Structures are given as C-alpha cells and as structure tokens.
Amino acid sequence: MIRSLDRCDIPSVRPPWTSAGRPGASQVGTCTSFHHTYDICMLLRTLHQETVDRIAHWIVGGRFADRSALPTEDEIGGELGVSRTVVREAMRTLVAKGMVEVRRRHGTTVRPIDSWSLFDPQVVAWRVTGGLTRDFVDDLIHFRLGIEPHAAALAARNEGFDAQALEDAYRRMSNAVDGDGDYHAADLDFHQAIILGSNNQFLRQLVPLLANTLSISFKLSVISMDTARASLPMHREVADAIIGHDPDGARKALTRLIEAAREDILGVLPDMLWEERSDVERNRLPVQGP
C-alpha cells in the first residue's frame, strides 16, 4: 500500500532477483507485480507533482491573495480532475514550502510571501514561470547588490584567494560564448568563487542558497550569447580587481556588472511580467510545471 505520494518507497526497492541472475520461473509473477506497482507509483508521483505545480501557479499568479482561503479539496480536485488524496498530498508539499497553512475547521489559506521558502528551487521556478513581477526582479537585484560587491571586496583582501578557480570559470565563460560549454554554469561558478573566496564563514554558508537566485538572475539577463559576450569585459574587470587585491575596484566592478544585468532584464521584462497579462491568461491553469 502506498501511504504517501511524497514518501513512495517503491522506486528504491530492488526487484526480487539479485544482480547475479535473471528471475527464475517461480519469480516471474512476483517480478511482474513489482514492475506494475513501480509504474503505478511513478504515475502517482507525476500526478502529484503536476497538481502541486498547478496550485502553486495559482498562488504565485495572484489568483488567491495572501491570507485568503483556497477552495475545498473536492473543489480543487474537481477543477484539476484529481482525487482528494492527490490534492491533500499536494497541500502537504506546499505547507512544507511555507506557501499555505492548513487548520482544522478553517480550511487551507495562502500564507504571506515572507513565510515562503523563497530560496527553494521549486518556489523560485514557480515565481519566474507563473508569477514574475517587478517587485521580484527589483528585490532580486537589490539582494545581489547587498551581498556580492561586499564579497568581492573581501575576496580582494584575501591573500589566499583562489585565483585559479576564478580564472577557470572566466575561461569557460569565454569558451561558451563561442559554443563550447555551458555559459550559465560557468557564470555561476565565477560568482560562487568570489563568495567562497571572501573568506567569510557566513557568506560561504549562503552559497547553496544563492545558487538558485543567481541562476535565475543570469537566465533573465543573459538572453543570448550576444548579451553574454557583451558582459565578458565587465567580468574581466571584476576578476582583475580581485586578483590584483584592489577591494574598492572589485566592489565597483561587480556593482557595475549587476547594474548592467538589471538593464538587460528590464529590456525584456515587459514581455515576461505576470501582472501585465490579461485576467484570462493569468487565471488559465498552466499545463506543465516549471
């Protein structure tokens, strides 16, 4: 019996035969049953994730305001074409991410955005694909400006800074604009090398959290290899200032880089903003998750 869609154990269970041989005649029935159960479990997982994605898109898209009540499980299930069990499990996932609250006799309500797990990869993806707003972009840029230039200055003061890691990331970025490699991955490594090189234990702890927000910022601002190529001289200035142990220069160079990213995002923002879409489009359910 599958007790929870989030805690389905079936995929991790080994088939009823060892790696030393194929199933014998007495095992065929058991093996068939195993794979049937496996397929059902994977189907339920997919259905669960699709339901989570669609309800999350309702929330980030503003269909339900902060502290407002969501429809009942039966109503949601009827609209999405899924069972109450699937809806209940989806709500458990959203509760874990801080997006909704379930209370007896009060139903399910949307929690304020400050309660959400804003660094969670799924939450970030939902907000970008289903509810991108000017506030999100502004807060993302200001968040970067509040951390990265200071980290760059600290890295420039660090005598033990790993210049090779920064140079390697820059080289990969340069190669990627010519079609050799993943530009976004190299860009992320470039910025992470700076934060790790700050030699500050608290900033270093932020790296896993920052990875998601930095990746989103890069994907919003670097819309083509032309924009990526145009940013390379600014990245070079940042690297040279840090490696040359120029804290003030590093701070200013990275500030210019982030400000340039802001301008790139603003250039494409009108076509991406959720609040500027029609009411019909905003309330349409996304067929696919992020």
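The values are calculated or read from the model by the stated rules, or taken from the named source; none is laboratory data. Since the structure is predicted, the reported quantities are computational estimates derived from the model, not experimental observations. Cβ sites come from the backbone with ideal geometry, for glycine too, and all protein chains shown count toward neighbours. In case anyone asks, the SASA skips ligands and DNA or RNA and just uses the protein heavy atoms, side chains included. Shrake-Rupley method; radii C 1.70, N 1.55, O 1.52, S 1.80 Å.
Restricting attention to the range 93-156, which trypsin sites (Lys or Arg not before Pro) occupy a DSSP loop and are surrounded by at most 10 other Cβ atoms within 10 Å?
R104, R105
Can you tell me how the range 49-156 classifies by the Cα gyration tensor, rounded, prolate or oblate, using a/c under 1.5 as the rounded cut?
Prolate shape, in that a/c is at least 1.5 and a/b is the bigger ratio.
Enter the accessible area per residue of the range 209-249 (Å², integer; probe 1.4 Å; all protein chains in place).
Result: 42 Å² of accessible area for each residue.
Please give the FRET efficiency for N200 paired with D138, using the beta carbon to beta carbon distance and R0 = 41 Å, rounded to the nearest 0.05.
E between N200 and D138, to the nearest 0.05, is 0.95.
Net charge near K252, counting Lys/Arg +1 and Asp/Glu -1 over other residues with Cβ under 13 Å of its Cβ?
Once positives and negatives cancel, what remains is -4.
Arranged from highest to lowest average of other beta-carbon atoms within 10 Å per residue, in what order do the peptides 219-230, 187-198 appear?
Descending mean neighbour count gives 187-198, 219-230.
Extending each Cα 7 Å along its Cβ direction at F119 and L209, get the distance between those two points in nm, one decimal.
0.4 nm
On the first, second and third principal axes, largest extent first, how far apart are the outermost C-alpha atoms of the range 101-252 in Å?
Sorted from largest, the Cα extents of the range 101-252 read 63, 35, 22 Å.
Expressed in whole Å with the largest first, what are the equivalent ellipsoid semi-axes of the range 194-272 derived from the C-alpha gyration tensor as the square root of 5 times each eigenvalue?
Whole-Å semi-axes of the equivalent ellipsoid: 24, 17, 10.
What full-extension length gain, to one decimal in nm, is calculated for H106 and T72 as 0.36 nm per residue of separation minus the Cα-Cα distance?
11.2 nm
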